[in-house]
1. Please work out if B:A54 is open to solvent by less than 40 Å² (accessible area, probe 1.4 Å) and in a loop (DSSP other than H, G, I, E, B).
2. From the list B:I104, B:I78, pick out the single residue that is within 24 Å of B:L12 (Cα to Cα), surrounded by 12 or more Cβ atoms within 10 Å (Cβ to Cβ) and β-branched (V, I, T).
3. Out of all the residues in region B:132-148, is one or more part of a helix (DSSP H, G or I), more than 10 Å from chain A (Cβ to nearest Cβ), surrounded by fewer than 17 Cβ atoms within 10 Å (Cβ to Cβ) and at pLDDT 95 or above?
4. For the condition within 14 Å of chain A (Cβ to nearest Cβ) and assigned to a loop (DSSP other than H, G, I, E, B), what is the one hit in B:K87, B:K42, B:K83, B:K20?
5. Taking the condition of being open to solvent by 10 Å² or more (accessible area, probe 1.4 Å), part of a helix (DSSP H, G or I) and either among the aliphatic types (A, V, I, L, M) or touching a residue at least 12 places away in the same chain (Cβ under 8 Å) (or both), how many residues in region A:23-39 meet it?
6. Search region B:85-98 for residues being surrounded by 12 or more Cβ atoms within 10 Å (Cβ to Cβ) and without any contact (Cβ under 8 Å) to a residue 60 or more places away in the chain, and hand back the single one that is farthest from the chain's Cα centre (by Cα).
7. Just one of (1) open to solvent by less than 60 Å² (accessible area, probe 1.4 Å); (2) more than 18 Å from the chain's Cα centre (by Cα) trips up B:L49, so point out which.
8. Are there any pairs with C-beta distances below 6 angstrom linking a residue in region A:1-21 that is under 13 Å from B:N139 (Cβ atoms) and of a type in the set (V, I, T) to a residue that is at pLDDT 95 or above and assigned to a helix (DSSP H, G or I), with the two at least 6 apart or on different chains, and if so which?
There are 2 protein chains.
Amino acid sequence: MTQTEIAVKMVLDRWNASIKNVDTLLGLLNDEKLLKEIAPGKNRGIYILGHLIAVHDDMIILLNMGEKVYPELNEPFIKLADKATDKIPALAELRAYWTNQCNIMNEQFSAMKPTDWFEKHTAVTAEDFEKEPIRNKLNIIITRTSHLQYHLGQLQLLK
Amino acid sequence: MTQTEIAVKMVLDRWNASIKNVDTLLGLLNDEKLLKEIAPGKNRGIYILGHLIAVHDDMIILLNMGEKVYPELNEPFIKLADKATDKIPALAELRAYWTNQCNIMNEQFSAMKPTDWFEKHTAVTAEDFEKEPIRNKLNIIITRTSHLQYHLGQLQLLK
């Protein structure tokens, strides 16, 4: 394996393991628990789940992998704070969205060759990318794995 | 920049940004807040801080960068659960340990060349490393950044 292949595998392994951790936890938390706040006065589990799906939808755009799967989640789960609106999908729907989106992303990630991950993401211009080659697709995975772990640590409190 | 250099920079940037996030948060949380539980019945902030220092001390061993700085923290913050012992350092001490350890690690990380990070870590045999080249030093940074973010999401609840 080349160092490029090794680096890409490490980053994707960490992403996949984090997704799997969330999957496992969602299997352990019933709807009643996910409707609770992770701590008094803080976000509810359902909000964090919707937030993760909305943020991962943005990744599809940044990675130039097509359209968002659930663009309607941006408003209630990114723009707005928890409990600011009642117009959010039911938990059963969000659970199904999560699984579907993970499958779609997994399929698209599998089609990438290691060097493809070092291409620029869509939020940086070709000119800026020339100067800052770390603004590539692999970095989107690295930063969003951090984001996922941050919220996983919070969801864990609902157990 | 080569893809190796880019990959190493991305991973270290994410580690450093995560450390900085914890630093900033520790500056915002007074001792009274850090002595509280992150959620009812869960770990206290002081425990999570001690736990992070103890886990990062292990990284020094795994990265073959010398001895642990605070080996006495393994017992109360990794082996034992929160509140299982009263024998833990005061918050002022832990805060100083955290800063000191971050400085030591930062100095050692800065002395590494990009390809050095693809060497095996100390918990894998040369034979296993031959088959699994992802068990390298850079992967220690990737997995511990995940760990750090997980607990950062929890500490954030104390704000």
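1. So B:A54 fails the test.
2. The match here is B:I104.
3. There is no residue in region B:132-148 that is part of a helix (DSSP H, G or I), more than 10 Å from chain A (Cβ to nearest Cβ), surrounded by fewer than 17 Cβ atoms within 10 Å (Cβ to Cβ) and at pLDDT 95 or above.
4. Unique residue meeting the criteria: B:K42.
5. The total comes to 5.
6. B:T85
7. (2)
8. Within 6 Å, the pairs are A:V8/A:P114; A:V8/A:W117; A:V11/A:L138; A:V11/A:I141; A:V11/A:I142.
The values are calculated or read from the model by the stated rules, or taken from the named source; none is laboratory data. Given the structure is predicted, the values throughout are model-derived calculations rather than measurements. Positions of Cβ are backbone-derived with ideal geometry, glycine not excepted, and every protein chain shown enters the neighbour counts. To get the accessible areas, we keep the full protein, side chains included, count just its heavy atoms, and leave off ligands, DNA and RNA. Shrake-Rupley method; radii C 1.70, N 1.55, O 1.52, S 1.80 Å.
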